Amino acid sequence: QVQLVESGGGLVQAGGSLRLSCAASGRTYTIGWFRQAPGKEREFVARVIWSGGSTYYADSVKGRFTISRDNAKSTVYLQMNSLKPEDTAIYYCAARSRLIGEYDYWGQGTQVTVSS
């Protein structure tokens with residue numbers, strides 16, 4: 001059984017930084033970060049593959065956010081720099097338990113609020 005626990009959200013001023021963590025238990029192949037702002041659909045932010053560390057980012061965060069993993073701690077991080085008010089959302093960590101397919105496990109989410 002896969003479990004994901006996010007932490008690290010909070011309130012920050014525009015231009016500031018936050019680091020989110022996603023502690024994963026169980027066998028997973030890929031960890032992704034998604035976010036959902038009020039009144040908007042959930043959107044993809046970034047993902048990392050455990051084996052090899054390949055990463056991929058949404059255009060909206062490229063150059064500002066960095067996703068990384070610590071295999072020894074089974075933890076994935078999302079370093080968010082140069083935050084903008086439009087980054088305000090609930091951020092979710094998600095996992096693929098198979099090599100291909102949908103993200104089939106989700107964390108509880110952590111709130112990130114960026115004030116202008």
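Run the 1.4 Å probe and let me know the accessible area of E102, rounded to the nearest 10 Å².
Taking all protein chains as shown, E102 has close to 150 Å².
Using +1 on the beta carbon of Lys and Arg, -1 on that of Asp and Glu, and nothing else charged, what's the dipole of the chain about the Cα centre, debye to 20?
Numbers: 13 positive and 9 negative charges, 47 e Å.
It comes to approximately 220 debye.
Check which residues have an amide H placed less than 5 Å from K84's amide H, if you skip close sequence neighbours.
When sequence neighbours closer than 5 places are left aside, the close amide H contacts are G15.
Given labels modelled 7 Å from the Cα in the Cβ direction, how far is it in nm from S74 to Q36?
Label-label distance for S74 and Q36, simple model: 2.6 nm.
With the dipole of the chain worked out from charges on the C-beta (+1 for Lys and Arg, -1 for Asp and Glu) around the Cα centre, which of G10, Y91, L78 lies farthest toward the positive end?
Toward the positive end, the furthest listed residue is L78.
From the alpha carbon gyration tensor of the chain, can you work out the equivalent ellipsoid semi-axes (sqrt of 5 times each eigenvalue) and give them in Å, largest to smallest? List each step's numbers first, then the result.
Working: eigenvalues 105, 39, 33 Å².
Ellipsoid semi-axes (Å, largest first): 23, 14, 13.
Can you work out the accessible area per residue across the chain, with the rest of the protein chains kept in place, probe 1.4 Å, in square angstrom? Write out the running numbers ahead of the final one.
Working: 6300 Å² over 116 residues.
The answer is 54 Å² per residue.
Please quote Rg/Rh for segment 39-80 to two decimal places, taking the Kirkwood radius as Rh and restricting both calculations to Cα atoms.
1.02
Over the chain, what is the relative contact order in whole percent, taking alpha-carbon pairs under 8 Å and six or more residues apart?
Value for the chain: 35 percent.
So what J values fall out for segment 69-83 if you push phi through Karplus, 6.51 cos²θ - 1.76 cosθ + 1.60 with θ = phi - 60°, rounded to Hz, Gly and Pro as x?
9, 10, 4, 5, 9, 6, 10, 10, 10, 10, 7, 10, 10, 6, 5
How much of the accessible area of the chain, in percent, comes from carbon and sulfur atoms when a 1.4 Å probe is used?
47
The values are calculated or read from the model by the stated rules, or taken from the named source; none is laboratory data. Given the structure is predicted, the values throughout are model-derived calculations rather than measurements. FYI the Cβ positions are ideal-geometry reconstructions off the backbone, even for glycines, and counts take in every protein chain you see. Quick note on the areas: whole protein, heavy atoms, side chains included, nothing else; ligands and nucleic acids left out. Shrake-Rupley method; radii C 1.70, N 1.55, O 1.52, S 1.80 Å.
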